[in-house]
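Participant: First the structure, then my questions, so here it is.
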Amino acid sequence: MFVPSRPMRALSAAAIALGLALGVGGAASAGSYAVEPSWFTLVPPVRNATITLTDLSSEPIRLEVTGLAWTENDNGVTRLTPSSDILVFPRLMTIPALGRQLVRAAVVGPVRPSEQAFRIVIEELPALAEIVHATDGARISIRTRFTLPVYVEPVNPAPSSRIEDVAVRDGVLTFALLNTGNIHAAGSALFVNGRDAGGRNVLSNEIGDWHVLVGERRVYTVDIGKNTCLRHLTISPSTGAVPPAQTVNVAACG
């Protein structure tokens, strides 16, 4: 089973604002492309998928596609490393104006007990004309870079997580969400609610799109104010997401 997401258009912020990428000496190039899907999950026994890249501009576009292993630190900073477990073909391509290119992605090796996470990196390359007819002087060129998440589900998915390291200091609540399951935890929102010793609601906060990869933890911070005292803290994801709502006891004031 292949689970795709909705299409995602990859455009550089500068290209959106200016409509083109500027270079010194009057040189200019416009580069934009669409990626479909914007992420996908491979469910055994399926081990491959097709990505459609579409040139949205009136000029040919050159792209390089690479598959990399994906991990993150406690603050959500992405780490991408070379991996022989994911293959993409073709890796280099030139897409004609308003044309399309299919890219095949495949994960090799046996299915593992825990979910694997990869990113497919799509980078725009300089036009051949810029390389062949390069002129003297400085040149500024803005290139787009899009990363597409890929998850490979285990045979027996088992979501699990726990909240740990809850603390309040100087009016700031911090807590960590540890993914103890074998698939990633994610959702469109993470709701943080707190009650005081009398059971009154004293905190209501929402964290936007979030995810925690298998075996990793994510530290979150919430400004609760220096006069807020918490006794019970409840962390709950948006409907249909994992993990389930969890409540922990807290004895702290901001």
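Bear in mind that the values in this text are calculations on the coordinates, not laboratory data. Small disclaimer: the values here were computed from a predicted structure and weren't measured. No Cβ is skipped: glycine too gets one built from the backbone with ideal geometry, and neighbour counts run over all protein chains shown.
Participant: Can you sort Val43, Val155 from fewest to most other Cβ atoms within 10 Å of each residue's own Cβ? Please report the intermediate quantities before stating the final value.
Facilitator: Details: Val43 16, Val155 11.
Ascending number of Cβ neighbours within 10 Å: Val155, Val43.
Participant: For Leu102, Leu80, what ranking results if the residue with the fewest other Cβ atoms within 10 Å of its Cβ goes first?
Facilitator: So the ranking, lowest neighbour count to highest, is Leu102, Leu80.
Participant: Now a separate question. Highest mean first, what order results for 176-186, 51-61 on Cβ atoms within 10 Å?
Facilitator: Working: 176-186: 20.2, 51-61: 17.2.
Highest mean packing first, the order is 176-186, 51-61.
Participant: Name the long-range amide H neighbours of His184: under 5 Å, sequence gap of 5 or more, or other chain; modelled H, no Pro or chain starts.
Facilitator: Placed amide hydrogens put Val214 under 5 Å from His184.
Participant: Another one. Using the Kirkwood radius over C-alpha pairs as Rh, can you work out the diffusion coefficient of region 31-87 via Stokes-Einstein at 20 °C, viscosity 1.002 mPa s, in µm² per second?
Facilitator: Approximately 152 µm²/s, per Stokes-Einstein.
Participant: Tabulate in residue order the Karplus-calculated ³J(HN,Hα) for region 202-215, using 6.51 cos²θ - 1.76 cosθ + 1.60 with θ = phi - 60°, rounded to whole Hz; enter x for Gly and Pro.
Facilitator: Computed from phi, the couplings for region 202-215 are 10, 8, 9, 9, 10, 9, x, 2, 8, 7, 9, 6, 4, x Hz.
Participant: Taking θ = phi - 60°, what integer Hz values does the Karplus form 6.51 cos²θ - 1.76 cosθ + 1.60 yield along region 191-198, in sequence order, with x for Gly and Pro?
Facilitator: Rounded to whole hertz, the list is 9, 10, 10, x, 10, 8, 5, x.
Participant: Okay, moving on. Among Cys229, Cys253, which comes first, then next, by fewest other beta-carbon atoms within 10 Å?
Facilitator: With the fewest neighbours first, Cys229, Cys253 line up as Cys253, Cys229.
Participant: Mind listing the phi-derived Karplus ³J(HN,Hα) values for region 225-232, rounded to whole Hz, using 6.51, -1.76 and 1.60 with θ = phi - 60°, and x for any glycine or proline?
Facilitator: Each residue's phi maps through the Karplus curve to give x, 6, 9, 9, 10, 10, 10, 10 Hz.
Participant: For region 161-253, taking Cα atoms only, what is the radius of gyration to one decimal and the Dmax to the nearest whole Å?
Facilitator: 12.8, 39
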